[in-house]
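Student: Dumping the structure here so I can ask a few things about it.
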Amino acid sequence: MDRLPMLEKFVAQQPGNPFPRYGLAMEYKKLGRLAEANATFAALIGGHPDYIAAYLMAGESLAASGDVPAAKAMYSRGITAAGAAGDDHALGELQTALGLLE
């Protein structure tokens, strides 16, 4: 079964649940549909700023689409969110990703 329609359906059925939206953003990213991935990550983080895993993937997607300043800003936001959540693993990954862009 094609994952994209299934994920789009899950998001429509559960708009307040961040997990299906994350899956949809990741699928767009995997398919190279970076504008849609970026928009979906932005919507996810806008509604669920504590969904820490999204920041790294959103930054990667932004960087892949050529928007390095936005990727740096996303990583920085993620660093703040991961620090506030006490998520040291994500914090380290985000700091490393940001360092690679500088």
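The values are calculated or read from the model by the stated rules, or taken from the named source; none is laboratory data. These figures come from a predicted structure and were not determined experimentally. Quick reminder, even Gly has a Cβ in these numbers, built from the backbone with ideal geometry, and neighbours come from all protein chains shown. These area figures cover heavy atoms from the full protein model, side chains too; ligands, DNA and RNA do not enter into them. Shrake-Rupley method; radii C 1.70, N 1.55, O 1.52, S 1.80 Å.
Student: Quickly rank 29-37, 90-98 as a protection proxy: mean count of other C-beta atoms within 10 Å, highest first. Kindly include the intermediate steps, with their values, before the conclusion.
Tutor: Numbers: 29-37: 15.6, 90-98: 17.9.
Result, highest mean Cβ count within 10 Å first: 90-98, 29-37.
Student: Would you list which aspartates and glutamates come within 19 Å of K30, measuring only between C-alpha atoms, while excluding same-chain residues fewer than 8 positions from it?
Tutor: D2, E8, E60, D67
Student: Something else now. Choose one answer from Y22, Y51, Y75: the residue with the largest mean-square fluctuation in a GNM of the chain with alpha-carbon springs under 10 Å.
Tutor: Y51
Student: All other residues with a Cβ under 15 Å from the Cβ of Y75 taken together, and with Lys, Arg as +1 and Asp, Glu as -1, what is their net charge? Kindly include the intermediate steps, with their values, before the conclusion.
Tutor: Values: positive: K72, R77; negative: E60, D67, D87, E93, E102.
With Lys, Arg at +1 and Asp, Glu at -1, the net is -3.
Student: OK, next. What is the magnitude of the charge dipole of the chain about its Cα centre, with +1 placed on the Cβ of each Lys and Arg, -1 on the Cβ of each Asp and Glu, and no other charges, expressed in debye to the nearest 20? Could you put the intermediate results ahead of the total?
Tutor: Working: 8 positive and 11 negative charges, 52 e Å.
Its charge dipole is roughly 260 debye.
Student: What translational diffusion coefficient, in µm²/s and rounded to a whole number, does the Stokes-Einstein relation yield for the stretch 42-85 at 37 °C and a viscosity of 0.692 mPa s, taking the hydrodynamic radius as the Kirkwood radius over Cα pairs?
Tutor: Values: Rh = 10.1 Å.
Calculated translational D: 324 µm²/s.
Student: Counting helices only, and only those DSSP H runs with n ≥ 4, report the 222 nm mean residue ellipticity of the chain as the sum of -39,500 (n - 2.57) divided by its residues, in deg cm²/dmol to the nearest 500.
Tutor: -26000 deg cm²/dmol
Student: Something else now. Taking the Cβ of Q95 as the center, what net charge do the other residues with Cβ under 15 Å away carry, scoring Lys and Arg +1 and Asp and Glu -1?
Tutor: Details: positive: K72, R77; negative: E60, D87, D88, E93, E102.
Residues close to Q95 contribute a combined charge of -3.
Student: Taking the alpha-carbon set of the chain, what are its Rg and Dmax in Å?
Tutor: 13.3, 41
Student: Work from the charge dipole of the chain (Cβ charges, +1 for Lys and Arg, -1 for Asp and Glu, about the Cα centre) and give the residue of L4, L91, G32 farthest towards its positive end.
Tutor: Farthest towards the positive end: L4.
Student: Might you tell me the accessible area per residue for the chain, computed with a 1.4 Å probe and given in Å²? Could you put the intermediate results ahead of the total?
Tutor: On the way: 5430 Å² over 102 residues.
Per residue, the chain has 53 Å² of solvent-accessible surface.
Student: If one computes P(r) from the Cα atoms of the stretch 12-66, what percent of pairs lie at distances over 14 Å?
Tutor: The proportion of pairs with Cα distances above 14 Å equals 42 percent.
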